[in-house]
1. Among Thr135, Thr140, which is the only one that is modelled with pLDDT under 95 and either within 15 Å of the ligand (Cβ to nearest atom) or of a type in the set (D, E, K, R) (or both)?
2. Here are some residues: Gly234, Gly229, Gly213. Which one is under 22 Å from Ser16 (Cα atoms), within 13 Å of the ligand (Cβ to nearest atom) and in contact with a strand residue (DSSP E or B) (Cβ under 8 Å, 6 or more places away or on another chain)?
3. Quick test of your reading of the structure: Trp83 fulfils all but one of (1) more than 14 Å from the chain's Cα centre (by Cα); (2) crowded, with 16+ Cβ neighbours inside 10 Å. Name the failing condition by number.
4. Examine the stretch 57-66 for a residue that is free of Cβ contacts under 8 Å to residues at least 24 places away in the same chain and not aliphatic (A, V, I, L, M), and state whether such a residue exists.
5. I'd like to check something: does the stretch 88-100 contain any residue that is within 16 Å of the ligand (Cβ to nearest atom) and closer than 12 Å to Lys42 by Cα?
6. Scan (1) within 19 Å of Ala198 (Cβ to Cβ); (2) within 16 Å of the ligand (Cβ to nearest atom) for the single condition Ala110 breaks and write down its number.
7. Looking at Leu85, Leu130 in this structure, which one is touching a residue at least 60 places away in the same chain (Cβ under 8 Å) and within 16 Å of the ligand (Cβ to nearest atom)?
8. Whether any residue in the stretch 39-54 is of a type in the set (Phe, Trp, Tyr), away from the ligand (no atom under 14 Å from the Cβ) and surrounded by fewer than 18 Cβ atoms within 10 Å (Cβ to Cβ) is what I want to check.
Amino acid sequence: MSNSDFSADLKANLESIHARINAACHRAGRNPSDIRLLPVTKTVDEARLRAAYALGIREMGENKVQEAQGKWEAMGDLEDLRWVLIGHLQTNKAKHAARFASEFQGLDSARLAEILDRRLQHEGRAIDVLVQVNTSGEDTKFGLPPEQVVDFVRTLPAYSSLRVRGLMTLALFSKDESRVRPCFVRLRELRDRLRQEAPDGIVMDELSMGMSGDFEMAIEEGATTVRVGTAIFGARPTADSDYWPGFAGKQDAP
Ligand SMILES: *Cc1c(COP(=O)(O)O)cnc(C)c1O
């Protein structure tokens, strides 16, 4: 496919996603301007990312630090582009992340908070951070168990380079809506509780939940950010297990 074909497809996909976001907001009595669409650009090559930029995209969500860093270096001329790391981050990658990420949606341990904060201070930077919660209870998913989140968040004011904004989750991958929706509800209820119990200086506004297959449901349940990859950029050439260690497959999930 040529880049201009890609650009036309991309434009149509973005319009369709925005229409679906609007419809979901309408059903839920929410304002579409309260929803942030974070395009997830993993596996998408530079030429296509530049086409996306030309269409107005100013944030790119990436799951692997090395891939994200390569793209950040290659597209350093696009100065207003924000790189958002989504999902689990190994502590030995924190120093790379600290160089370029504007936001990290995947904080899930005290050790990572400490190392990332130290690296950010070294770089003289601060980033937005969301705490990842395992709302599905699956062993293969990263994130803190919901019952540990309040205590964890209480420790975060110690890390001055981490601007805590809210929570993030990956719901159960299932076609059975009655098993997916409770994951989103759980995250929202936790956020509401944290709004009462979070320490001073910690603002818990963001709920990053919902992907290509379930973002409308997530909006109905209160998502403020939806992370959408394939519905914008098309199917990925690599298996999702490359990006989510231990992941068995989205299509055949029960
Ligand atoms: C890949 C990814 C997404 C987007 O998934 P799609 O199904 O392609 O929309 C969202 N969140 C995380 C953490 C991801 O790794």
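1. Residue meeting the stated conditions: Thr140.
2. Gly229
3. Evaluating Trp83 over (1) more than 14 Å from the chain's Cα centre (by Cα); (2) crowded, with 16+ Cβ neighbours inside 10 Å leaves (1) as the failure.
4. Scanning the stretch 57-66, I find no residue that is free of Cβ contacts under 8 Å to residues at least 24 places away in the same chain and not aliphatic (A, V, I, L, M), so the answer is no.
5. no
6. With respect to (1) within 19 Å of Ala198 (Cβ to Cβ); (2) within 16 Å of the ligand (Cβ to nearest atom), Ala110 is out only on (2).
7. Within the list Leu85, Leu130, the selection yields Leu130.
8. yes
The values are calculated or read from the model by the stated rules, or taken from the named source; none is laboratory data. It should be emphasised that the depicted structure is a prediction, and the values quoted were computed from it without experimental measurement. We place every Cβ from the backbone using ideal geometry, glycine too, and count neighbours over all the protein chains shown.
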